[in-house]
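Engineer: The structure under discussion is supplied below as structure tokens; questions concerning it will follow.
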Amino acid sequence: MTSLPDEQTTQLVAGRLLEMADDELILSHRNSEWTGHAPILEEDIAFANIAQDEMGHALIWYELLRSLTGRDPDRLVFFREPCEYRNLQMVELPKGDWAFTVLRQYLFDTWEAGHLEALEQSRFTPVAEAAQKIGKEERYHLRHTAAWLCRLGRGTEESNSRMQAALDQLWPFHSQIWAAPPDYERLVTESLMPDLARLGSLWEDRVRTELSEAGLTPPGFGQPSAPLRDEHTEHLQPLIEEMQQVARLETEAGW
Amino acid sequence: MSEITENEVWEALGSITDPEIPVISIVELGVVRTVRVDAERTVVEITPTFSACPAYQAMAGSVERKLREMGATGVEVRTVLHPPWSTDWLSDEAREKLRRFGLAVPDRHQGNLEGAIEAGQAACPYCGSSNTRQTNPFGCTPCRAMGFCQDCRQPFEQLKPL
Ligand SMILES: [Zn+2]
């Protein structure tokens, strides 16, 4: 189908698209912080590209959101307050060291691989088509970060311990990735959006296996329950301030 | 009342190039998908190579300007994402032009994208050798990767299979 049946469904789909777009945008911003600072030139190029790709994917979801609600992507990105962002806490955490960056990207890429594949089955054609487009490009990211997981996890004692430290820090945030927004169930019933809990359990099985192959063990502790998407850590505010600074200097400027 | 034909639009768009790959047109690149002209409207559908292609907005702007220059009525330039752009769409002629430009193009994967990414290899644009290796799966733009020819000892750029 190319249009949604009613206003309530439209609002629910739009709400989920905003979450997906914000995840891509904030992760992209964090990765872009490595531009000019990555450990080696090849990785500077790679992560600048990955950041740029994620920005392109964010824009696809924001544009789709605009087609449903009329909300302008530039206004959404540059003129929302931090508390109005709907991204995962995992993607707003500071970039940390290289191990933290590649491990976070690996976790996000593996989630996205399964999520996009499921989104391709959406009965809402624009979502299915966008997922197919994004999914092809994402293959490059996953290959890259999976190689880094193996390289650092099974590298030296130091690289392994840094990866384990990154995992200890990231794992408590992992279950938020499959937490569904209110009334999302309706979209699943109507085959407009995938069952996130099912994807989450497949994802966790996969990453536990691959982490273990890389000599890493998820910690036994975590958040007692996944926070809502409007709850953020103290790290989001400075990121948003920096990202919006120039746009807010001259609000009517054309770019 | 528009007196321009669809063929004339295709021909005019064939004079626009990707600013980052100035040797082939956006028609040869596969960015222009459909052209529809009727009494009231001139609608052109275009698609990005990679989603984050930094030249895409420039190409969309060029299409719109070109249509207005031609005197087309009811100009509309739309982005479509389906079918997703593929390096397989590049014709042999386009591949040859890119090779002469110094940009290697991977062989057609015919749907086996994972296999093509795994192989990660394209013939050297300078000497034609297949004895090459990929040195970075990423490059200076989202659509490019970097390779090295082990015969003529030259680094080169290639399009990523998509
Ligand atoms: Zn050569």
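The values are calculated or read from the model by the stated rules, or taken from the named source; none is laboratory data. On a predicted model such as this, the values are computed, not experimentally measured, just so you know. Cβ coordinates were reconstructed from backbone atoms using ideal geometry, including for glycine residues, and neighbour counts include every protein chain displayed.
Residue-wise test of (1) out of contact with any Leu (no Cβ under 8 Å at 6 or more places or on another chain); (2) within 30 Å of residue A:80 (Cα to Cα); (3) surrounded by fewer than 16 Cβ atoms within 10 Å (Cβ to Cβ).
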{"residue": "A:192", "(1), (2), (3)": "no, yes, no"}
{"residue": "A:195", "(1), (2), (3)": "yes, yes, no"}
{"residue": "A:210", "(1), (2), (3)": "no, no, no"}
{"residue": "A:216", "(1), (2), (3)": "no, no, no"}
{"residue": "A:221", "(1), (2), (3)": "yes, no, yes"}
{"residue": "A:232", "(1), (2), (3)": "yes, yes, no"}
{"residue": "A:236", "(1), (2), (3)": "yes, yes, no"}
{"residue": "A:246", "(1), (2), (3)": "yes, yes, yes"}
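Engineer: Here is a check on your reading of the model: is residue B:93 modelled with pLDDT of 95 or more and more than 16 Å from the ligand (Cβ to nearest atom)?
Structural biologist: So residue B:93 fails the test.
Engineer: Being within 13 Å of the ligand (Cβ to nearest atom) and over 15 Å from the mean Cα position of the chain (by Cα) narrows it down to one of B:115, B:120, B:147, so name that one.
Structural biologist: B:147
Engineer: To continue, here is another question. Just to verify a result, which residue in segment A:55-73, among those that are over 19 Å from the mean Cα position of the chain (by Cα) and closer than 19 Å to residue A:247 by Cβ, is surrounded by the most Cβ atoms within 10 Å (Cβ to Cβ)?
Structural biologist: Only one residue tops the list, namely A:66.
Engineer: So, in segment B:114-129, exactly how many residues are surrounded by 19 or more Cβ atoms within 10 Å (Cβ to Cβ) and over 15 Å from residue B:148 (Cβ atoms)?
Structural biologist: Here the count works out to 2.
Engineer: With respect to the numbered conditions (1) buried (at least 19 other Cβ atoms within 10 Å of the Cβ); (2) in a loop (DSSP other than H, G, I, E, B); (3) away from chain A (no Cβ under 14 Å); (4) within 16 Å of the ligand (Cβ to nearest atom), which one is the sole condition not fulfilled by residue B:156?
Structural biologist: Residue B:156 satisfies all of (1) buried (at least 19 other Cβ atoms within 10 Å of the Cβ); (2) in a loop (DSSP other than H, G, I, E, B); (3) away from chain A (no Cβ under 14 Å); (4) within 16 Å of the ligand (Cβ to nearest atom) except (2).
Engineer: Restricting to segment A:229-247, count the residues that are out of contact with any helix residue (DSSP H, G or I) (no Cβ under 7 Å at 6 or more places or on another chain) and either touching a residue at least 40 places away in the same chain (Cβ under 8 Å) or part of a helix (DSSP H, G or I) (or both).
Structural biologist: Of the residues in that region, 6 qualify.
Engineer: When you scan segment B:126-141, do you find a residue that is touching a residue at least 24 places away in the same chain (Cβ under 8 Å), more than 9 Å from the ligand (Cβ to nearest atom) and not in a strand (DSSP E or B), even just one?
Structural biologist: Yes: one or more hits.
Engineer: Within the set of pairs 6+ apart or on separate chains, which have a first residue in segment B:81-101 that is closer than 11 Å to residue B:159 by Cα and within 14 Å of chain A (Cβ to nearest Cβ), a second that is among the hydrophobic types (A, V, I, L, M, F, W, C) and part of a helix (DSSP H, G or I), and C-beta atoms under 9 Å apart?
Structural biologist: Short answer, once both residue conditions are applied: B:86/B:113; B:87/B:116.
Engineer: Looking at A:252, A:190, A:234, A:241 in this structure, which one is over 30 Å from residue A:121 (Cβ atoms) and over 20 Å from the mean Cα position of the chain (by Cα)?
Structural biologist: After applying the criteria, what remains is A:252.
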